[in-house]
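Structure first, commentary second.
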Amino acid sequence: MDERAGLWRLAGLVAGLAGLATSYTAAMVLTIRESPVVAIAEGVIRLTPGPVADFVIRFFGSGNKALLLVMILLIVSVVFAALGAAARRRWWVPLAGYSVLALVTAAAVLLQRGSATADLLPVVIGYLTWLLVLALLVAPLRRLERTGAAPRPAGASVVVADEQTGAHGRRTFLVRAVLVGGAAVVVAGAGRVLGTGRRAVEETRRLLRIEGAGQTPPPRGSSLGVDDIASWQTPNDDFYQIHTALVVPAIAPVDWRLRIHGMVEREVELTYDALLARERTEAWTTLSCVSNPVGGDLVGNALWTGVLTSDLLAEAGVLPGADAVLQTSEDGWTCGTPLEALTDGRGAMLAVAMNGEALPIEHGFPVRTLVPGLYGYVSATKWVVDLEVTRFADFSAYWTQRGWSERGPVKIASRIDVPRSGEDVPAGRVAFGGVAWMQGTGVSTVEFSVDGGEWVAADLGRVPSADTWVQWAGTTDVGPGDHRVRVRATDADGNVQTDVERGVLPDGATGLDEVDFTATDTSTPDE
Ligand SMILES: Nc1nc2c(c(=O)[nH]1)N[C@H]1C(S)=C(S)[C@@H](COP(=O)(O)O)O[C@H]1N2
Ligand SMILES: [Mo]
């Protein structure tokens, strides 16, 4: 049949592969995941029934997904070509096809362990590439079709003109196809180069065992056993992430150096091995973000293992007059921490492990800092590489330059996790619960109040120190109807959390968390 059908198929194939290339590279750059196609392969393996999966895994070799990937690529190539061919008559067929492929891929990505919403970005980028490239390639083909479809009048000159437009359309198409194809190869190649380094670091991290880390279990009674309250220990995969880096630094431990300098008697430079060889400390500590709104979830609690910052500063010998440490990360982010907070015995550390595992890359691998009682933006430098002992008067750190306070001690906070906002609960005895924190001082009391009624004292979970959040829970009688519950905490010094509402800027929000819910009448209605 006609050669044009071939051109349409080629358009579909080129568009399809270009989308795979951009999504692959986006995945290499933006996430620590493999490409979305790998997510499909993993999804296929997962969804295959047991014995078949066994066979597939053995057949394709354990850990080596290459053959499966090639098969998936071949299948989608056929699909891409078919979508291109279909576009010739019905423009919406490729649109529908791409949408289905993107949705299936998105599902596969989300099925992966510990996936985040950001992992969907490569899929979106691939989808947009499909639409864009297909539009680009189809335009000259449509022109070509029009010339061919027109009934040919007898005049030779017209036929020549017609053939010229046809040849022109064909040439435009081929030029575009070659350019797009070439660009796709370059993009995919760049992704490969970028991804290899990153993946190597991730692999190193995965195989790294930090001896002695993770030996401190959560205290008995830290969890009240109430469903839907944030778990006392926040798993690494669920721990909130805040960083200014678009592409998070991937630092191989062998390449990591920490320099301690500035107002010190002697500069200290440390390698990762040298850091690991030092005496270690381990503590449960809650980390929270200054941008966490009242009731928000930019807060988590984990077991951190590392080396006391005070030990390293002592070794460097801090000179009189210094009052701050300017911390810098590998990606150039900075924060200023009061020297006192690093040396007053509260346990500020250079952390290497989180919940017993080497730090996840997104949480600062291989080394980050942590200071109990300070918001992350003034204390918790991920991918830390430089500590300069200095004076607050002599510098201004990243967020301070952008209007946030120079100092950021955490404020007392309490949050309602149960019931959820808008939830319907049976009237009668209603359960309430959540978390509260005041790192450094500790929480002594949490109370809740329904509809402005009396404050009811909640039960508190056990905590190992003043530096972690505490679970709270309690019940009270609530009649049918719409209600609002509020919560407030009191710290160990007797300071009651204020109900004065302030926004997160410049040094953290205040005010009480409140949740609206409905209690439904459960008594049998009269007939
Ligand atoms: N390198 C670097 N470190 C950083 C940041 C950053 O943007 N870059 N953000 C800080 C802020 S604002 C917070 S709240 C904590 C969050 O740490 P997490 O992402 O491990 O939860 O990291 C801090 N450390
Ligand atoms: Mo933050």
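Bear in mind these aren't lab numbers, they're just calculated from the coordinates by the rules spelled out. Owing to the predicted nature of the structure, the values given are computational and were not obtained by experimental measurement. FYI the Cβ positions are ideal-geometry reconstructions off the backbone, even for glycines, and counts take in every protein chain you see.
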Exercise. With the contact rule set at Cα under 8 Å and sequence spacing of 6 or more, what percent relative contact order holds for the chain?
Worked result: 13
Seminar exercise, completed: Measuring from its Cα centre, the chain shows a charge dipole (+1 at each Lys and Arg Cβ, -1 at each Asp and Glu Cβ) which, in debye to the nearest 20, is 3380
For this session: Output the peptides 376-389, 464-477, 132-145 sorted from most to least packed, where packing is the average of other Cβ atoms within 10 Å over each peptide's residues.
Result: 376-389, 464-477, 132-145
Exercise. Where does each of 280-290, 211-221 land if you order them by average Cβ count within 10 Å, highest first?
Worked result: 280-290, 211-221
For this session: Would you please give the residues with an amide H less than 5 Å from that of Trp333, counting only those at least 5 places away or on a separate chain, with H modeled from the backbone geometry?
Result: none
Exercise. For the range 236-402, what Kirkwood radius comes out of the mean inverse Cα-Cα distance, in Å?
Worked result: 15.8
For this session: As a check on your grasp of the helix formula, calculate [θ] at 222 nm for the chain: sum -39500 (n - 2.57) over DSSP H runs of n ≥ 4, divide by the residue count, round to the nearest 500.
Result: -12500 deg cm²/dmol
For this session: Find which of Ala66, Ala353, Leu179 sits farthest along the positive direction of the dipole of the chain, computed with +1 on the beta-carbon of Lys and Arg, -1 on that of Asp and Glu, about the Cα centre.
Result: Leu179
Problem set entry | Fraction in percent of alpha-carbon pairs per bin - 10 Å, the range 232-318 | 13, 31, 38, 17, 1
For this session: In whole Hz, with x marking every Gly and Pro, tabulate ³J(HN,Hα) for the range 446-462 from phi via Karplus 6.51 cos²θ - 1.76 cosθ + 1.60, θ = phi - 60°.
Result: 10, 10, 10, 9, 9, 6, x, x, 4, 6, 9, 6, 8, 6, 10, x, 7
Seminar exercise, completed: Under 5 Å from the placed amide H of Leu374, counting only residues 5+ away or on other chains, we find Val410
Exercise. Which helices, counted as full DSSP H runs in the chain, have an axial Cα extent of no less than 24 Å and a Kyte-Doolittle average of 0.0 or above?
Worked result: 3-30, 66-87, 92-111, 121-149, 156-207
For this session: Would you grab the residues whose amide H sits under 5 Å from the one on Val352? Only those 5+ places off in sequence or on another chain, please, with H modelled 1.01 Å from N.
Result: Thr305, Gly306, Val307
Seminar exercise, completed: Between the alpha carbon centres of the range 189-260 and the range 64-128 the gap in Å comes to 30
Exercise. What is the Cα centroid distance between the range 442-502 and the range 370-385, reported in whole angstrom?
Worked result: 28
Seminar exercise, completed: A student asked for the Cα radius of gyration and Dmax of the range 414-527 in angstrom ought to give 15.6, 58
Exercise. Relative contact order, percent, of the range 236-402 when contacts are C-alpha pairs under 8 Å separated by at least 6 residues?
Worked result: 28
Exercise. Across 5 Å bins from the origin, how do the percents of Cα pairs in the range 305-366 run, short distances first?
Worked result: 4, 16, 22, 24, 20, 10, 3, 1
Seminar exercise, completed: Once the dipole of the chain is set up from charges on Cβ (+1 Lys and Arg, -1 Asp and Glu), the residue from the list Gly221, Val104, Tyr377 lying farthest towards its positive end is Val104
Problem set entry | Inter-centroid distance (Cα atoms) of the range 508-522 relative to the range 321-358, Å | 36
Exercise. With θ set to phi - 60° and the Karplus curve 6.51 cos²θ - 1.76 cosθ + 1.60, what are the ³J(HN,Hα) couplings of the range 233-245 in order, to the nearest whole Hz, using x for Gly and Pro?
Worked result: 8, 8, x, 3, 5, 9, 6, 4, 10, 10, 7, 7, 5
Exercise. Relative contact order for the range 403-448: what is it in percent, counting Cα pairs under 8 Å that are at least 6 residues apart?
Worked result: 41
Seminar exercise, completed: Rg from C-alpha atoms of the chain, normalised by the globular rule of thumb 2.2 N^0.38 Å, equals 1.25
Seminar exercise, completed: Taking every other residue with Cβ under 15 Å from the Cβ of Gln497 and scoring Lys and Arg +1, Asp and Glu -1, one gets -2
